[in-house]
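Encoded as structure tokens, the structure appears first; notes follow it.
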Amino acid sequence: MDYIKKDGSWIPKLGFGTFNLTGREAIGVLEFALDVGYRHFDTAQMYQNEDVIGKVIGAANVPRDRLFITTKVWGTNLNENRFLPSVEQSLKQLKQDYVDLLLIHWPNKNIPLNESLDQLVRAQDKGYCKLIGVSNFTVDLLEKVEARGVDIACNQFEYHPFLNQDKLLAKTRSMGCFATAYAPLAKGQIVDIEILKNIALKHKVKPAQVALRWLVQQKDVVAIPKSSQLYRIKQNFDVFNFHLTEEEMVQISDLQSRNKRFIDPEFAPTWD
Ligand SMILES: NC(=O)c1ccc[n+]([C@@H]2O[C@H](COP(=O)([O-])OP(=O)(O)OC[C@H]3O[C@@H](n4cnc5c(N)ncnc54)[C@H](OP(=O)(O)O)[C@@H]3O)[C@@H](O)[C@H]2O)c1
């Protein structure tokens, strides 16, 4: 495993995405992921699985300081009245005193950004989280975070071989943040791409591993693939035993001209 060091935290560059994993299925999957060696778990209030994650990590024989847990505050909880109580509820569900990283999941145009940012800082001051950050923030919004003087550690956004995020990545890095790539496998669509298949053959791995390697080999980039299939959970974790050449990195980057986006950050979910 490779790590990013940020303000005293060590962030595993490969984490486990948990969107759409709930109930009994989630328990087995999360226990298996822990056994495989995943220590970084990405959840959110919106995923409705914080309780399951709390149960599994609570029962696991892994010291808390070896885990890295991220959760995200949903758009309806971003105002002054609801922000901190919602984080307290998340911590209760997760059975934790703190999370390692707390993110604003999605900007809500109906709530002033500075109000949400101030609450995020308050959550950190109260010890509810070690690091703070944002998700689905564009360059414009990151500039607003800077203007408010809030010291975030992370921007989480969609990033995979079919989507060029050079500008957003450059802005994220310039603020001293790391980037967490969500939908890193392009929702599973990377498996049938000839270039990825050829590179995978050379390294005796699978196309999904090549896509993940391409991400984690980039400076300050973390990837959080999700799978509910045990063999893929194992496969996705095994991306630190091979190295892509410069030429291979460029070949994969060329796929970004497809400009395929699964989630549009400009699309505002209907709040309330
Ligand atoms: N901040 C945000 O707004 C936001 C938005 C989206 C996602 N996320 C986070 O990012 C995580 C990952 O994103 P995602 O779940 O949307 O997409 P993803 O990880 O790119 O893709 C998941 C899909 O790929 C399949 N898959 C997994 N491993 C595979 C492999 N080795 N070979 C072939 N197919 C494979 C999975 O199917 P199986 O389950 O059948 O293996 C699933 O259908 C989420 O779980 C969530 O934690 C955050």
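Positive end of the charge dipole of the chain (Lys, Arg +1 and Asp, Glu -1 on Cβ, about the Cα centre): tell me which of Leu103, Phe157, Gln189 has its Cα farthest that way.
Towards the positive end, the residue furthest out is Gln189.
If you plug each phi of region 112-120 into the Karplus form 6.51 cos²θ - 1.76 cosθ + 1.60 with θ = phi - 60°, what whole-Hz ³J(HN,Hα) values come out, in order, with x for Gly and Pro?
x, 4, 4, 4, 5, 5, 5, 5, 4
List the residues whose amide H sits under 5 Å from the amide H of His40, counting only those 5 or more places along or on another chain, with H placed 1.01 Å from N in the peptide plane.
Amide H to amide H, under 5 Å and 5 or more residues apart or across chains, His40 pairs with Phe16, Phe68.
Within a 10 angstrom radius of the beta carbon, how do Glu143, Glu194 rank from fewest other beta carbons to most?
Taking fewest neighbouring Cβ atoms as first place, the list is Glu194, Glu143.
For the chain, take every pair of Cα atoms, bin their distances at 10 Å starting from 0, and report each bin as a whole percent.
Bins of 10 Å from zero give 7, 31, 37, 21, 4, 0 percent of pairs.
Using only DSSP helix segments of four residues or longer, with each worth -39500 (n - 2.57), what per-residue ellipticity at 222 nm results for the chain after dividing by its residue count and rounding to 500?
Estimated from H runs of four or more residues: -11500 deg cm²/dmol.
Would you mind ranking Trp106, Trp10, Trp214 so that the residue whose beta carbon has the fewest other beta carbons within 10 Å leads the list? Please list the in-between numbers first.
Details: Trp106 22, Trp10 15, Trp214 26.
Ranking Trp106, Trp10, Trp214 by Cβ neighbours within 10 Å, fewest first, gives Trp10, Trp106, Trp214.
What are the ³J(HN,Hα) couplings of region 46-55, residue after residue, when phi is run through the Karplus curve with 6.51, -1.76, 1.60 and θ = phi - 60°? Round to Hz, x for glycine and proline.
5, 6, 6, 9, 4, 5, 5, 5, x, 4
I need to check one value: relative contact order of region 192-272, counting alpha carbon pairs closer than 8 Å and at least 6 residues apart, in percent.
Working: 46 pairs, mean separation 22.3, N = 81.
The normalised contact order for region 192-272 reaches 28 percent.
Positive end of the dipole of region 1-81, charges at C-beta (+1 Lys, Arg; -1 Asp, Glu), about the Cα centre: which of Gly37, Gly8, Ile53 has its Cα farthest in that direction?
Towards the positive end, the residue furthest out is Gly8.
Whole-Hz Karplus ³J(HN,Hα) for region 241-254, in order, using 6.51 cos²θ - 1.76 cosθ + 1.60 and θ = phi - 60°, x for Gly and Pro?
9, 8, 9, 7, 6, 4, 4, 5, 4, 5, 4, 5, 4, 4
For a quick check: with amide H placed at 1.01 Å from N, whose amide H comes under 5 Å from Tyr159's, ignoring anything fewer than 5 positions away on the same chain?
Hits under the 5 Å cutoff: Tyr182.
Treat every Asp and Glu Cβ in region 1-147 as -1 and every Lys and Arg Cβ as +1, leave all other atoms uncharged, and give the resulting dipole magnitude about the Cα centre to the nearest 20 debye.
It works out to roughly 240 debye.
Contact order normalised by length for the chain, with contacts defined as Cα pairs under 8 Å and 6 or more residues apart; what percent is it? Don't jump to the answer; show the numbers that get you there.
Values: 481 pairs, mean separation 50.6, N = 272.
RCO, the chain: 19 percent.
Report the Cα-based extents of region 32-88 along its three principal axes, largest first, to the nearest Å.
On the principal axes, region 32-88 reaches 38, 19, 15 Å in Cα extent.
Leu120: net charge of surrounding residues, Cβ under 12 Å, Lys/Arg +1, Asp/Glu -1, itself excluded?
Here the charged neighbours net out to -1.
Please arrange Ser257, Ser228 by how many other C-beta atoms lie within 10 Å of their C-beta, fewest to most.
Placing the least packed residue first, the sequence is Ser257, Ser228.
What is the set of long-range amide H partners of Ile104 at a cut-off below 5 Å, with H atoms built 1.01 Å from backbone N?
Val73, Gly133, Val134, Ser135
Just so you know, all these numbers are worked out from the coordinates, no wet-lab data involved. If you're wondering where the values come from, they're calculated on a predicted model, not measured in any experiment. Note that each Cβ is placed from the backbone with ideal geometry, even for glycine, and that neighbours are counted across all protein chains shown.
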